[in-house]
Amino acid sequence: MDRVKSSMQQVPNAIPKVIRRTGGANSLELERENFERVQAVSINKAINTQEVAVKEKHARTCILGTHHEKGAHTFWAAVNRLPLSSNAVLCWKFCHVFHKLLRDGHPNVIKDSMRNKADLTDMSRMWGHLSEGYGKLCSIYLKLLITKMEFHIKNPRFPGNLQMSNRQLDEAGENDVNNFFQLTVEMFDYLECELTLFLGVFSSLDMSRSVSVTAAGQCRLAPLIQVILDCSHLYDYTVKLLFKLHSCLPADTLQGHRDRFQEQFKKLKSLFYRSSNLQYFKRLIQIPQLPENPPNFLRASALSEHISPVVVIPAESSSPESEHVVETDDLVDTDVPVLPAPLETKFDDLFGTSAAIDPFNFNSQNGMRKDDKDRLIEQLTREIQALKEELESFRLESGRLCQALRGRVSELEAELAEQSHLRLQAVGESEFLKAELDDLRRVREDTEKEQRSLTEIERKAQANEQRYTKLKEKYTELVQSHADLLRKNAEVTRQMTVARAAQDEVEAVRKEMQEKVKGTQEAADRQEREQLEQLQELQRELVSSRAELDSLKTTMASSQQASSEVLSTQLATLESEKAELVQSLTKVEAELVVRGEELERVQSSLVTEREGRVKTAETLQNQLNEKESREQALESQLVAARWSSLQGAVEEAEKIIRDSLAQIDDPAHISCTSSADYLASRCQASLDCMERLNSTRVAFLADNTGVSELVRAVTQCGHLVGDTVVQGSATSHMVPVEQADALSESVKVCGAEALALLGQMKQQDSLAAADNSKLKAALEAVLATAEKLRPRGLELQQGELGDLVEQEMAATSAAVESAAARIEEMLNKSRAVDTGIKMEVNERILASCTELMQAIKELVLSSKELQRDIVESGRGAASMKEFYAKNSRWTEGLISASKAVGWGATVMVDAADLVVQGKGKFEELMVCSHEIAASTAQLVAASKVKADKDSTNLHRLQHASRGVTQATAAVVASTKSGKSQIEETDTMDFSSMTLTQIKRQEMDAQVLVLELEARLQKERERLGELRKKHYELAGVAEGWGEEEEGTG
């Protein structure tokens, strides 16, 4: 029984041994090969050159593969075979998948990937050379991934998906404030890289269109889901760490942390808001919104208000699809090969629960042993058949992969051929660039030489400018002193006017007081006479009253007897009248007394007032006398100041002229040159100043108050005569020896005469006798010498310049018309004779030449109109010929420019004729076009030099000039295009040549290249010499640049 039991217990283990023996190592190898094949297919499907987002099922297969093999060896083995450095889209999708593996893959992915850190760094640096597109984004993304790997290597407690609890975050810092401080800095750097990628993706998209619904837009936006997941955790941990640091460290120490957090908070809030509005993200991820204001770390209780941002991924987007389940079914991590499902079911039927539960049921076991073996044999047969089918599928898959690899090999071979062709083109371009570099080096050397000469000229000009500045400062001081004297004179004049007005006022007051005194005396006399007359009248009335009283007494005495009563009555009446008269007399006497006293008071006040007014008049007279004396002193001072200012101006003019005479013998002045035209203009200005000096001198002698005009005339005369001396000496350096000696002697005589004239004007006695006739004669002699030395241009009389201008402009117009007609004739002839590419090239070239002729014609007409405006506005009452003669240098420039335009048009037509006939060179036609552009630019410059900047014709001329430039460019472009088209038809066929012949041809080509390079160098040197000679002859013939040299 024990034997049966032991045999029954041994049966369940017998079949796995058979299976293991039949499968064994081959099953493990097949499983490994199947795993690598599935991983390779998923990686190639996830990372490809199509600009579409990575499919989630392929990325999930790669993630499960890392968990299956507990690392990323298979992933990197497949990725290293991809051309990540040659395709930016491929590299971008690799970064996306790699980011997913770092977040959700096995923890060993980070360690295994650190071996490729150097390659990722080089790839980031390589893509960083591109400034736009996927190249720039790949560089930023690779830097982010490198930063992420370095962060997790330094902080191994942080998982790849950054999901940690608060306790784990505290343990990561090991309760050390220094660790927390450093960890916060690293998180800031980490988050900065994430935000940089965020901004880079958004800046590369056109947000005015719905880019999130396009495949290209989703390809760029898809990696931002991983970035949003990282940023939410990094923001949360940064806030918690900063609150922890503020609880341990002073606030000032963490100011830099707060500033950096504020900046990253604003960026992250803006990016989260912009991302949440995109349609692509709305169905894949729920983006959290950050608070309106950042946390206040200075308030510890604010930590309780902080809400950790949570990113929610909807279930439908995170759950794998059915196809994903089918493809990842083989990636379950098992140590023993998985048996097919039917085998497991039948195995359970054979050695199932009935045997385990009822081990003593021998009848059922013995009765079914044979059927079980048959079923096992059938099962194994089916398994063998399944393995055969699987093997056949493997063969088909391998055949398909071989075919795909062959196609890939063909593509790579074609790409290699294309790269070889590009390399040959690059070699040719490098040779061309080397030649261009040599040309640029030679041009740079020429430019440096010209720069040195320009520096020397600028130094000389700066020295002259400094000398002129000093003279100008002295002149300004003289003008300022003169203005001060004028102000003082005005002040003195005003004071004199005020004093005179005060004197007149005092005189008027004195006259008024005298009249008042006279009137008062007359009134007092008149009142006194009236009072005397009243007194006399009263006395007369008293006498008459007394006489009447006597008569009444007599009458009373005579009539006393008649009527005593009447008499008594009359007596009483008379007595009352007498009393009244006595009273009135008393009043009059008292009034006379009062009036007498009042008269005495008025007379005393009049006497006192008369005495005060006499004293006031004496005081005012003394003040008036003092003011007159002060006015006389000021007048004398003003006269002295006027004379001193005149003497200062004369002395300054003498210094200027002596300095100019000293420069003649100065060795440093020998290198200075000037033109006869400029010297003549200086002489003429000096002669005009002599006339002004003489008139102001005469006016000053007549009225010495006009000293300011004389001071200005003396100063200007000193400047002009000194400039004439300097320019005469500089001009003598440009003429033959005999004429140079005569000119130097003339300017020395001129300077001596000027000093003699100024010496006479310094003395007040000899100012009236000063004579400037000798100085004028010396200036006229210098002017005559300058006129003899002036270049005559085309050896024409100045009267003929006007006619010559018209003739040349008409000849230019005729040449252009003739050239246009010839081009039209050539175009018709080419259409009748040529066919194919040659006819197309000829038509395009001749059409561009016709447009150029039309543009030149328009330019010539605009130039004529502008010249007519210039002559009308500038000649005044003079005739047109006189205007041209007066501006001979400008006229000669017009003549030269017109001739150049006409000649260039004729030469270009000849060159075009030869090119159409197949006898000419395309390069000659391009050179003619450039020459015409230069000639028209010369004509425009000569026409606009005297034009008003607001002139309508000037704007027309500039527009026509731009038209000529565009037409010239069109001629050059059509010529180059035609040349390339014709040269493309002459293909080089080396198929029939042997190796020796090809080597011989290569050596001949190298010899020819060296010969052509040597010839090119010689021709460039010859061209430089020709240009120098051309500029020299043009300068001699037309006096180019003389006015610029006049300041030398």
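The values are calculated or read from the model by the stated rules, or taken from the named source; none is laboratory data. Quantities reported herein were computed from a predicted structural model and do not represent experimental measurements. Because the Cβ atoms are built from the backbone with ideal geometry, glycine has one as well, and the counts that use them run over all protein chains shown. With ligands, DNA and RNA removed, areas are computed over all heavy atoms of the protein, side chains included. Shrake-Rupley method; radii C 1.70, N 1.55, O 1.52, S 1.80 Å.
With just the Cα atoms defining each centre, how far is segment 151-225 from segment 236-260? Give it in Å. Comparing the Cα centres of segment 151-225 and segment 236-260, I get a distance of 19 Å. Computed with a 1.4 Å probe over protein heavy atoms only, the accessible surface of segment 144-265 comes to 40 Å² per residue. The calculated FRET efficiency for the pair LEU861 and LYS829, based on their C-beta separation and a Förster distance of 30 Å, comes to about 0.55.
A crude spin-label estimate for the pair ALA937 and GLU577, with each label 7 Å from Cα along the Cβ direction, gives 13.8 nm. Backbone geometry of segment 653-658 corresponds, through the Karplus equation with coefficients 6.51, -1.76 and 1.60 at θ = phi - 60°, to 3J(HN,Hα) couplings of 4, 5, 4, 4, 5, 5 Hz, x marking Gly and Pro. In the assembled protein chains, GLU1025 presents an accessible area of approximately 110 Å² (probe radius 1.4 Å).
In this Cβ point-charge picture (+1 for Lys and Arg, -1 for Asp and Glu), segment 176-258 has a dipole of about 260 debye about its Cα centre. Taking R0 as 30 Å, what FRET efficiency do you get between LYS919 and GLU413 from their Cβ-Cβ distance, rounded to the nearest 0.05? Between LYS919 and GLU413 the formula returns 0.10. In order along segment 597-603, the phi-based Karplus estimate (6.51 cos²θ - 1.76 cosθ + 1.60, θ = phi - 60°) of 3J(HN,Hα) comes to 5, 5, 5, 5, 4, 4, 5 Hz; Gly and Pro are listed as x. Under 5 Å from the amide H of GLN286 lie the amide H atoms of VAL312, ILE313, each residue being 5 or more positions distant or on a separate chain, with H modelled from the backbone and absent for Pro and chain starts. What pairs from LYS921/LYS1018; LYS143/LYS434; LYS470/LYS748; LYS100/LYS143; LYS55/LYS267; LYS244/LYS266 go past 25 Å between their alpha carbons? As for pairs spanning more than 25 Å Cα to Cα, those are LYS143/LYS434; LYS55/LYS267.
A Förster radius of 56 Å combined with the Cβ-Cβ distance from ALA118 to GLN462 puts the calculated FRET efficiency at roughly 0.45.
A simple spin-label model places pseudo-atoms 7 Å from Cα toward Cβ; at ASN87 and GLN480 they are separated by 8.0 nm. Of all aspartates and glutamates in the structure, those lying under 17 Å Cα to Cα from LYS774, and not within fewer than 8 positions of it along the same chain, are GLU654, ASP688, GLU691, GLU745, GLU753.
Listed by chain and number, the lysines whose C-alpha is less than 16 Å from the C-alpha of LYS474, apart from same-chain residues fewer than 8 away, are LYS655.
Evaluated on segment 403-518, the Kirkwood hydrodynamic radius is 24.8 Å, with distances taken between all distinct Cα atoms.
Leaving out ligands, DNA and RNA, and with a 1.4 Å probe, what % of the accessible surface on segment 243-303 is carbon or sulfur?
Values: 1730 of 3460 Å².
Carbon plus sulfur share of accessible area: 50 percent.
What's the extension gain from TYR273 to ASP659 if we count 0.36 nm per residue and subtract their Cα-Cα distance?
Numbers: separation 386, 0.36 × 386 = 138.96 nm, distance 7.79 nm.
Answer, rounded to one decimal: 131.2 nm.
A P(r) calculated from all alpha carbon pairs of segment 620-763, with 5 Å bins opening at zero, reads 2, 10, 16, 18, 14, 11, 8, 6, 5, 3, 2, 2, 1, 1, 0, 0 percent.
Using θ = phi - 60° in the Karplus curve 6.51 cos²θ - 1.76 cosθ + 1.60, the 3J(HN,Hα) couplings for segment 423-435 round to 5, 4, 4, 5, 4, x, 5, 5, 4, 4, 5, 4, 4 Hz; x is entered for Gly and Pro.
Given a 1.4 Å probe and the protein chains as shown, TYR235 ends up with an accessible area of around 10 Å².
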